[in-house]
């Protein structure tokens, strides 16, 4: 949200055969973060940015195949002693289930070996 202009530009400049989506879990995390902010200008500005982002992206559900990836990722992370948060597990699993590139600044995703990552910030 802090770098919204950069993200909006990247989405606008995607190749015609590329598609940018947001998974329901990421949408929920953004909305939860906004809910926690006190009412005021900062919250209103961030809500407006979130609205613009949500209007640019289709929101996809967690698909059945994500459950398979979730189990694989969680098991691998646990055996390496580097567990991921539940939401991060589901976000990574959703990206893998649709063979997508995950766009994030969160370095925790680097621990998911099969995941393709980009940082648009």
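Nothing in this text is a laboratory measurement; each read-out follows from the coordinates by a stated rule. Computed from a prediction, not measured in an experiment: that's the story for all the values here. Heads up, the Cβs are rebuilt from the backbone with ideal geometry, glycines too, and the neighbour counts pull from every protein chain shown.
Counting each DSSP H run of 4 or more residues in the chain as -39500 (n - 2.57), what helix-only mean residue ellipticity at 222 nm follows after dividing by all residues, to the nearest 500 deg cm²/dmol? Don't skip to the end; give the middle numbers.
On the way: 5 runs with 66 residues, N = 121.
Helices in the chain give a 222 nm mean residue ellipticity of -17500 deg cm²/dmol.
Please rank 52, 41, fewest neighbouring Cβ atoms within 10 Å first, as an exposure proxy.
Details: 52 14, 41 7.
Taking fewest neighbouring Cβ atoms as first place, the list is 41, 52.
Given 4 °C and 1.567 mPa s, compute D for segment 64-118 with the Stokes-Einstein relation, Rh being the Kirkwood radius over Cα pairs; round to the nearest whole µm²/s.
Details: Rh = 10.9 Å.
Value of D from the Cα-based Kirkwood radius: 119 µm²/s.
Using a Gaussian network model on the chain with a 10 Å cutoff between Cα atoms, which of 31, 89, 39 fluctuates the most?
Among 31, 89, 39, the largest mean-square fluctuation in the Gaussian network model of the chain belongs to 39.
Hey, what angle do you get for helix 41-56 against the long axis of the chain, alpha-carbon based, 0 to 90 degrees rounded to 10?
Compared with the principal axis, the helix lies near 60 degrees.
Rounded to two decimals, what is Rg over Rh for segment 4-60 when you use alpha-carbon atoms and the Kirkwood radius?
Reported Rg/Rh (Cα atoms, Kirkwood Rh): 1.02.
Using the alpha-carbon centroid of each, what span in Å lies between segment 14-44 and segment 45-121?
Answer, in whole Å: 14.
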